[in-house]
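This report refers to the structure that appears directly beneath it.
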């Protein structure tokens, strides 16, 4: 986990999603979550305790999420903004990012993807003590077949998981195409079902989160492959 707990301000009018799903799940992953359902409560919440990241919906009943994002960005250059919305059209995504959002996610979103995105935004900000990344980096222990997290957590790897990570770590912060990854984990690429690669990575992400409480910064690049963010 980071040296300091990341503070989130969650703004969503869907009470079930907000209070029964997102808040408890994000709390389980170590975030400090303040959840509200109306923008009218936002100023008071920020004044009470300034968040590191605001996670908000676009389709709010009392305000437009794009306008809220623009206002937040004008007032707070050091706060991360992540949009989580049911709108998946590219025009909305482009607008959200143009208004100042650091990331744009469409509902439904898997919790590991959301958590990884929040940590990624926190790393990019890196300006306040509460968002400073821990010392060190993800690395492999060559003797014990372990993945070591930046904070010292240990994840026992299978042979296939280790081969996959070794290949990704050869090209940190770069996209490694799917064919290269498949060749790294199988001796018979022609008989290998490409969907197994996605399943393997999905299980590995969940395994790492469960073991050390930190999301593995392994991200899909649509139509190309995967990227392991090492800095």
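Throughout, read-outs are computed from the coordinates displayed, never taken from laboratory work. Because the structure is a prediction, the values reported are computed rather than measured. Every residue, glycine among them, receives a Cβ derived from its backbone with ideal geometry; neighbour counts consider all protein chains shown.
The Rg/Rh ratio for the chain, using Cα coordinates for both the radius of gyration and the Kirkwood hydrodynamic radius, is 0.99.
Relative to the current alpha-carbon distance between residue 91 and residue 76, full extension at 0.36 nm per residue lengthens the span by 2.9 nm. Taking other C-beta atoms within 10 Å as the exposure proxy, 169, 83 rank 169, 83 from fewest upward.
Shown for 149, 120, 158: other C-beta atoms within 10 Å of each C-beta, ranked fewest to most, produce the order 158, 120, 149. Between the beta carbons of residue 67 and residue 171, assuming R0 = 41 Å, the FRET efficiency works out to 0.50 to the nearest 0.05.
Which angle between 0 and 90 degrees, to the nearest 10, do you get for helix 111-125 versus the longest principal axis of the chain when only C-alpha atoms count? That works out to roughly 80 degrees. Where only DSSP H runs of four or more residues are counted, the chain gives -11500 deg cm²/dmol as its mean residue ellipticity at 222 nm, each run worth -39500 (n - 2.57). To check you understand DSSP bridge types, tell me what percent of the beta bridges within the chain (both residues inside) are antiparallel, rounded to 5. If I count the DSSP bridges inside the chain, around 45 percent turn out antiparallel. Give the calculated FRET efficiency between residue 5 and residue 187 to the nearest 0.05, with a Förster radius of 35 Å applied to their Cβ-Cβ distance. Given R0 = 35 Å and the Cβ-Cβ separation, E is 0.20.
Of interest is the spacing of the C-alpha centroids, which for the range 33-82 and the range 194-231 amounts to 29 Å. Each residue in 190, 195 was given a count of other beta-carbon atoms within 10 angstrom of its own, and listing them fewest first yields 190, 195. A protection proxy built from the mean count of other Cβ atoms within 10 Å ranks the segments 24-34, 93-103, most packed first, as 93-103, 24-34.
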